[in-house]
Structures are given as C-alpha cells and as structure tokens.
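The values are calculated or read from the model by the stated rules, or taken from the named source; none is laboratory data. Being a predicted model, the structure only gives us computed values, none of them experimental. Cβ placement follows ideal geometry from the backbone for every residue including glycine, while neighbour counts extend to all protein chains displayed.
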Amino acid sequence: MTVLIIEDEPLAAERIRKLVDETNEPMDIVGTTNSIESSVNWLQSNQHPDLILMDIELSDGQSFIIFDQVKVKSPVIFTTSYDEYAIKAFKVNSIDYLLKPVKQSDLNAAIQKLKSIEQQYSAIASTGLENLLRELKHKDKEYRERFLVKTGQRYFSIETENIAYFYYTNRVTYLKTWKNEQFYLDYILDELEDMLSPKLFFRANRQYILNIRSVKDIHTYFNHKLKLILQPPTNDEVLISKERATEFKSWMGK
C-alpha cells in the first residue's frame, strides 16, 4: 500500500512515518508534503497513492482547501489535534479521523477499516472501479460545445472541436486553435478538465489539456516518460509522466 503523508510539523511527520513503518501491513511511503501548495503540486505531478495521512491544520491553511484545488482520488485518514473538524472531514474522502498524538492501535484500526471497505468492493474494483466511476460521472453529462473569447473590443465564440489544446503559462490559461490562433480564457485547467469530453481531451500534465487530434508524434523519453509533438507546434516540452503513460496510451488507442 502506497502512502502520502501531509504534515507540516517535522516531529509529527517523523512520528507518523514511524507508525506507518510499524503497522501490520506492508506500507510504502511515496512522499511527504508540508503545505497546501506542496500537496497540490505533488498530487498533480504523481500517481495518487493508495492512502493519504493528512493533517488538517497546515502552515498555509486547512488541508480541506486541497480538495478544492485538485481532484483527490485517494482515501484519506485525517490526523489533527482538534476534534471540531470531524463532520467536515467526512464530507470529503475520509476513512477515519485520528486525534494527535496518534496511537499505533488507532492507525492499525483505521487501515483495517480501509481494507474492509476495499474487500467489499473488490468485485467492482477488479473490473476497474475508477473507470466505472468515471463513466457514471460523465454519463448523460453535457460538455462545453464552445468558448467565448475576446480580441480587442470584440467577443466571439470558438467551437470546442476547433480547439487543438489548452495550456497554462505565466499564471494565464490560453486555448490554441487548429489555425494556430491563441486566445486568453478566464478558467484554470482543473475547471476546463471537467467541462471537456474525456473521449476527445486528455489532461497531459499541469500545463496542457490536449485534443486527441493534436498529438502528432509520441516518443519515449527519459525515465519511462513520453514526449509529445503537437500540432500546431508549441515551444514547450510536453511530457507525460511515467505514472500517466499507460492511461494516456489507452486513451489514444480507444
């Protein structure tokens, strides 16, 4: 079981690591973050783990903000010094809610609770739980057919089918048309990802959402990543991480 630890106090983080190492289950700590910003960056750049151990009070705010900025696909065990956030915690991906100082017996019990839930849905999981949930989520959903853009003092619509890709640079989001035209959009990529049909568009990384027709060439790259050549061309190096490479190839082959 892979585990991400989100904890801003070094001593508390070290204690959590020790507790994880001493559980009865084989656990692999794949990362440790200490803020909302670093946690969002980690989750956007890595395959989501099997479990997240998440402190609520972080140096730059409450960790619930993380769920507003990135789609968290992992179950979460919250750790905190306060019991006032329990109801809010169970409105997100919470499996359990442990008060500090976390006891080994409480962590073990929370992990067994997670395993019990997974076993109940193992039949569904064997057919691809995430794919099933994605299909249910997008069933009968209407996606954006056009976007309103502005050039000078004039507004006009661009059909979604005429968009090659969306990209984010210098804190600004743009769309690029097949004619190599570029227009500013007042959306972040996370918002756009939910507006676009997953059959036609793929979130390549933190900077790009691609129309399937925009992928001109695919090359193997260092550390099992994929390097994409897009049309229209881009000055950026567009990479697919090792963790997302399989999903990307499956999407391209549908």
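Of everything in the range 95-147 that is basic (Lys, Arg) and more than 22 Å from residue 56 (Cα to Cα), the residue that is modelled with the highest pLDDT is 146. Can you name the residue in the range 42-56 that is touching a residue at least 60 places away in the same chain (Cβ under 8 Å) and not in a strand (DSSP E or B) and, of all such residues, is surrounded by the fewest Cβ atoms within 10 Å (Cβ to Cβ)? Filtering first and then ranking leaves 45. The conditions of being among the aromatic types (Phe, Trp, Tyr) and within 23 Å of residue 68 (Cβ to Cβ) are not met by residue 221.
Quick check, is residue 161 exposed (fewer than 14 other Cβ atoms within 10 Å of the Cβ) and under 17 Å from the mean Cα position of the chain (by Cα)? Spelling it out, it is not the case that residue 161 is exposed (fewer than 14 other Cβ atoms within 10 Å of the Cβ) and under 17 Å from the mean Cα position of the chain (by Cα). Looking at 217, 236, can you tell me which residue is of a type in the set (Asp, Glu), in the same structural domain as residue 167 (by TED's automatic domain parsing) and modelled with pLDDT under 95? Sole residue among the options that is of a type in the set (Asp, Glu), in the same structural domain as residue 167 (by TED's automatic domain parsing) and modelled with pLDDT under 95: 236. When 242, 176, 227 are checked against the criterion of being modelled with pLDDT under 95 and surrounded by 14 or more Cβ atoms within 10 Å (Cβ to Cβ), 242 stands alone in meeting it.
Quick grid of which residues meet (1) touching a helix residue (DSSP H, G or I) at 6+ places or on another chain (Cβ under 6 Å); (2) under 30 Å from residue 225 (Cα atoms); (3) at pLDDT below 95; (4) part of a strand (DSSP E or B):
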position: 5; (1), (2), (3), (4): yes, yes, no, yes
position: 12; (1), (2), (3), (4): no, no, yes, no
position: 39; (1), (2), (3), (4): yes, yes, no, no
position: 73; (1), (2), (3), (4): no, yes, yes, no
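Of the candidates 65, 77, 87, the single residue that is outside the structural domain of residue 206 (by TED's automatic domain parsing), part of a strand (DSSP E or B) and at pLDDT below 95 is 77. Residues that are more than 19 Å from residue 251 (Cα to Cα) and either of a type outside the set (A, V, I, L, M) or not assigned by TED's automatic domain parsing to the domain that holds residue 170 (or both) within the range 184-214 comprise 184, 186, 187, 191, listed in sequence order.
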